[in-house]
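The values are calculated or read from the model by the stated rules, or taken from the named source; none is laboratory data. Source: prediction; values computed, not measured. A quick note on method: Cβ atoms are made from the backbone with ideal geometry, for glycine too, and the neighbour counts reach across all protein chains shown.
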Amino acid sequence: MNRNQLEEIKEQLKQKGYKLTTQRRIILDSILDNQDKHLSIEEIYKIVKQKMPEIGLATVYRTIMLLSDLKVLNKIDLDDGCSRFELSNSEESHNHHHLICVKCGKVEEAEDDLLEALEEQIEKKNGFKVINHMVKFYGICKECKKE
């Protein structure tokens, strides 16, 4: 986690009357160290437990929900039966697209927003202001294609 991100998150917590406790810091660090993996609460808990064996699942759950409510984390549903979380990017106006491998379950992010022109067309034709969208592409990742 870079210093600016940490300071921004600390400020967000402070404004809402919360502190960046040791437990919250370890949970945040665990998410940041694995942010390319789109972890579930249970997966985050397993990682945090290695650093802080005494922490409980309820503490991790409450912290994830708090960080999600504060928009520090985005909750994403990849249609696999559990919610996953990723760090919010304040510079993104929309959610990015996810590439989901149906063989190994790996999730990658597509960098470009491919739907800006379509959104403009919808707004112009239908008078409907698109605020956000979520796109998931299902297929086979590079590693699985090699097998």
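Taken over segment 1-19, the criterion of being loosely packed, with under 14 Cβ neighbours inside 10 Å and either in a loop (DSSP other than H, G, I, E, B) or of a type in the set (Lys, Arg) (or both) is satisfied by Asn2, Arg3, Lys14, Lys16, Gly17, Lys19. Residue count for segment 56-72, restricted to those that are within 19 Å of Lys14 (Cα to Cα), out of contact with any helix residue (DSSP H, G or I) (no Cβ under 6 Å at 6 or more places or on another chain) and modelled with pLDDT of 85 or more: 6.
For segment 20-40, indicate whether the set of residues that are touching a Cys at 6+ places or on another chain (Cβ under 9 Å) and either at pLDDT below 95 or assigned to a loop (DSSP other than H, G, I, E, B) (or both) is non-empty. Give the steps one after another, and end with the answer.
Initial filter on segment 20-40 (touching a Cys at 6+ places or on another chain (Cβ under 9 Å)): 40.
Narrowing further to those that are either at pLDDT below 95 or assigned to a loop (DSSP other than H, G, I, E, B) (or both): 40.
Within segment 20-40 (the criterion being touching a Cys at 6+ places or on another chain (Cβ under 9 Å) and either at pLDDT below 95 or assigned to a loop (DSSP other than H, G, I, E, B) (or both)), the answer is yes, since at least one residue qualifies.
Picking from residues in segment 90-106 that are surrounded by 12 or more Cβ atoms within 10 Å (Cβ to Cβ) and under 16 Å from His133 (Cα atoms), the one that is modelled with the highest pLDDT is Leu99.
Cβ-Cβ contacts under 6 Å between residues 6 or more apart (or on different chains), taken from a first residue in segment 11-29 that is farther than 18 Å from Val60 by Cα to a second residue that is part of a loop (DSSP other than H, G, I, E, B), are listed as Gln12/Leu70. A single member of Lys129, Lys145, Lys75, Lys125 is part of a strand (DSSP E or B), surrounded by fewer than 15 Cβ atoms within 10 Å (Cβ to Cβ) and modelled with pLDDT of 75 or more, and it is Lys75.
From the residues in segment 48-72 that are part of a loop (DSSP other than H, G, I, E, B) and among the aliphatic types (A, V, I, L, M), which one is nearest to Val135 (Cα to Cα)?
Step one: filter segment 48-72 for residues part of a loop (DSSP other than H, G, I, E, B), giving 52-56, 70-72.
Among the residues that remain, those that are also among the aliphatic types (A, V, I, L, M) are: 52, 55, 70, 72.
On the way: Met52: 36, Ile55: 35, Leu70: 23, Val72: 21 Å.
Going through the qualifying residues, I end up with Val72.
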